[in-house]
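A short worksheet on the structure shown next.
The values are calculated or read from the model by the stated rules, or taken from the named source; none is laboratory data. Values in this document were obtained by computation on a predicted structure and should not be read as measured data. All Cβ positions, glycine included, derive from the backbone under ideal geometry; neighbour counts span all protein chains shown. In case anyone asks, the SASA skips ligands and DNA or RNA and just uses the protein heavy atoms, side chains included. Shrake-Rupley method; radii C 1.70, N 1.55, O 1.52, S 1.80 Å.
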Amino acid sequence: SNKDTWKFIFPILINFTMSIGAYFLAIRLIPKIKNMFIKANLYGIDMNKKSGDKVPEALGVVTGCLFLITLFLFIPIPFTNYIFSDINFPHSEFMEFLAALLSICCMLLLGFADDVLDLRWRHKLLLPTIASLPLLMVYYINFNSTLIIVPKPLRPWFGFSVDLWIFYYLYMGMLAVFCTNAINILAGINGLEVGQSLVISMSILLFNIIELSGDLWKAHQFSLYFMLPYISTSLGLLKFNWYPAQVFVGDTFCYLSGMTFAVVGIIGHFSKTTLLFFIPQIINFLYSVPQLFHFIPCPRHRLPKYNKVTDKLEISNTVFNKKDIGFIGKLIIWIFRKLYIIKWQEDKEGVISCNNFTLINFVLIKIGPMKESSLTVTLLLIQVVSSLLAFIIRYPLASIFYDV
Ligand code: UD1
Ligand code: MG
């Protein structure tokens, strides 16, 4: 009926309006307070520029706060009808909302701590795990459904569904760890961190809009509430992080983004689809594994190397002696060379110079040196094409594996 449609549209409209407001606040606030960050010693040097100026770091904390404030102010809106009539208050939905906010808020704090303190690798794995605990607790209380539907081709062996029990919680925790770190390690050129996050969030938004007409519309409406202010505040950040960057987003932004995507995926029951939007991040992660786990030496920064003369970015290398890597490292190099996915050089003394294993370097290997802004655009195009692929997998192809 008309009244129900209105009840359904009203909170989305309010959320949309508030998000637009948050965008304008963001683009006014960032230039005003970026110098405070430099004063507080929160800055980085843009390694791909000639100037060597100080660029304020961790500005993601500003847009992250605006994103959270927008949602805090929005909390009562979807529940107005219940507040005044006092019957059948949907406590579980309310709890989900609060837990989602708690997890994202916690991640913002931990991400900022990482920017200020420059934490070690193992902490980067621990932080998102901790931040996802409130969410997993609510999941346990509200659904505790750990059943997964088995893809059709595997049903003769496993049956229609399998109860993953505690492993499902492990999976959800790992999803948070993956989403946060995967964005953070596909980074190092202006606009890439925010750009990729925006492509992912807009893909999730599109998916939510498509699914609003389905049976699970409530979960997608919930996700929409988070995506709209996330997109608007991040667009504000992109305006200043785009080449040539006036601000850096920091690990704060990467963690906050990853956590937001994990949260809506988990609460909205579409975590597999969320992962589908991470194809470039998954590839970058798999390619990075040898360096992340130190089978191959990993320098502090793996971003491409700037050539002052041509003003273009080139492949960055990791240099080591052949004697210093173990059996697994040698095996990995052998396989990667056979697959033609690395650029490799060895001199007479056995000193090896090999590209850092990142998707950014891989693109540079295949296409050749590029201007920084073109490189960002190329990588974002890859992200967009991957999202198209994700939709093809999710819709036409999924019917091969599931009854959709
Ligand atoms: C991750 C990557 C690292 C990459 C770095 C770049 C892994 C394991 N880690 O580390 O290889 O070098 O991100 O963000 O893959 N910077 C620029 N231009 C940019 C963005 C960043 O020069 O457009 C530099 C600045 O000096 C900035 C610093 O990178 O201060 C930020 O690095 P940080 O986010 O602290 O690095 P990690 O996330 O630890
Ligand atoms: Mg980072």
For region 37-72, name all the residues that are open to solvent by 50 Å² or more (accessible area, probe 1.4 Å) and assigned to a helix (DSSP H, G or I). K39, C65, I69, F72
Cβ contacts < 9 Å: first residue in contact (Cβ under 8 Å) with a residue 60 or more places away in the chain, restricted to region 96-108; second residue part of a helix (DSSP H, G or I) and charged (D, E, K, R), any location; separation 6+ or different chain. Result? none
Among the residues of region 13-22, count how many are in contact with a helix residue (DSSP H, G or I) (Cβ under 6 Å, 6 or more places away or on another chain) and under 15 Å from L205 (Cβ atoms). 3
Anything in region 188-215 that is among the acidic types (D, E) and over 16 Å from S271 (Cα atoms)? List them, or say none. E193, D215
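Table: residues versus (1) over 26 Å from F79 (Cα atoms); (2) modelled with pLDDT of 95 or more.
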{"position": "R120", "(1), (2)": "yes, no"}
{"position": "I141", "(1), (2)": "no, no"}
{"position": "N144", "(1), (2)": "no, no"}
{"position": "G173", "(1), (2)": "yes, no"}
{"position": "F178", "(1), (2)": "yes, yes"}
{"position": "S203", "(1), (2)": "yes, yes"}
Flag for S161 being at pLDDT 85 or above and touching a helix residue (DSSP H, G or I) at 6+ places or on another chain (Cβ under 6 Å): no
Those helices (runs of 4 or more DSSP H) lying entirely in region 246-304 with at least 1 residues modelled with pLDDT of 95 or more and within 16 Å of ligand 1 (Cβ to nearest atom): 250-267, 279-292
Considering only region 325-336, I want to know if a residue exists there that is in contact (Cβ under 8 Å) with a residue 40 or more places away in the chain, on the phi > 0 side of the Ramachandran plot and out of contact with any His (no Cβ under 9 Å at 6 or more places or on another chain). no
Which numbered condition L108 misses (of (1) surrounded by 12 or more Cβ atoms within 10 Å (Cβ to Cβ); (2) at pLDDT below 95): (2)
Filter region 127-155 down to residues that are open to solvent by less than 90 Å² (accessible area, probe 1.4 Å) and either among the aliphatic types (A, V, I, L, M) or within 26 Å of N181 (Cα to Cα) (or both), then give me how many there are. 16
Yes or no: region 202-218 includes at least one residue that is within 16 Å of ligand 1 (Cβ to nearest atom) and touching a Phe, Trp or Tyr at 6+ places or on another chain (Cβ under 8 Å). no
Could you tell me whether any residue of region 266-287 is within 16 Å of ligand 2 (Cβ to nearest atom), more than 30 Å from A219 (Cβ to Cβ) and crowded, with 17+ Cβ neighbours inside 10 Å? no
Within region 305-352, how many residues are more than 16 Å from ligand 2 (Cβ to nearest atom) and assigned to a loop (DSSP other than H, G, I, E, B)? 16
Please verify whether M172 is in contact (Cβ under 8 Å) with a residue 60 or more places away in the chain, within 16 Å of ligand 1 (Cβ to nearest atom), closer than 24 Å to A219 by Cβ and in contact with a helix residue (DSSP H, G or I) (Cβ under 9 Å, 6 or more places away or on another chain), treating the condition exactly as stated. no
Take the residues in region 313-335 that are open to solvent by less than 30 Å² (accessible area, probe 1.4 Å) and of a type outside the set (V, I, T); name whichever of them is farthest from G188 (Cα to Cα). G329
Out of region 175-186, which residues are near ligand 2 (Cβ under 10 Å from one of its atoms), β-branched (V, I, T) and more than 10 Å from F278 (Cβ to Cβ)? I185
Subset of region 37-59, residues farther than 24 Å from K371 by Cα and in contact (Cβ under 8 Å) with a residue 12 or more places away in the chain, comes to F37, I38, L42, A58, L59
Report, ordered by the first and then the second residue, all pairs with beta carbons closer than 9 Å, sequence separation of six or more or different chains, a first member in region 222-238 that is in a helix (DSSP H, G or I), and a second member that is at pLDDT below 95 and among the small types (G, A, S). F222/G268; S223/G268
Selection within region 229-245 - small (G, A, S), open to solvent by 10 Å² or more (accessible area, probe 1.4 Å) and within 16 Å of ligand 1 (Cβ to nearest atom): A245
Residue selected from region 187-199 under the condition surrounded by fewer than 24 Cβ atoms within 10 Å (Cβ to Cβ) and either within 10 Å of ligand 2 (Cβ to nearest atom) or among the basic types (K, R) (or both), by the criterion farthest from the chain's Cα centre (by Cα): G188
Out of (1) of a type in the set (S, T, Y); (2) within 13 Å of ligand 1 (Cβ to nearest atom); (3) open to solvent by 40 Å² or more (accessible area, probe 1.4 Å), the odd one out for T310 is which? (2)
